[in-house]
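The values are calculated or read from the model by the stated rules, or taken from the named source; none is laboratory data. Predicted, not measured: the structure shown is a model, and the values here were computed from it.
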Amino acid sequence: MKKPTLLAVALCMATVVFTQTINENYLREIRTTFTLDDETKAIQNVLTHDKDIKSKALNHELQNKIDHYFKYRVKVKGITDQKTGSTSLPRSKTSPITTK
């Protein structure tokens, strides 16, 4: 029972090690297509010298648009007087309120 399990684990490890190798041709292709201009140098500096990579990858313009307090927004057109149903702000003193 132990030999088949050990053999299966060894086979899986060999597969993982084999798939993670970069051959010399692929490495040469990466080196020839890499151009070190100002933009690439800035990206390289951020990726290699900064410990807090999450803050660099965050889209700050999008973060400012997110409302963390309310899920739904309701457009308000005015204040309503719930007793009379009118949309005027102050009630005039000449119109009496009648209650039933």
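Taking the stated definitions as given, is THR40 hydroxyl-bearing (Ser, Thr, Tyr), outside any helix (DSSP H, G or I) and modelled with pLDDT of 85 or more?
No; evaluated as a whole, the condition is false for this residue.
Return the residues of the stretch 43-69 that are of a type in the set (S, T, N, Q) and part of a loop (DSSP other than H, G, I, E, B); say none if nothing qualifies.
ASN59
All but one of (1) basic (Lys, Arg); (2) within 33 Å of the chain's Cα centre (by Cα); (3) at pLDDT 75 or above hold for LYS56; state the number of the condition that does not hold.
(3)
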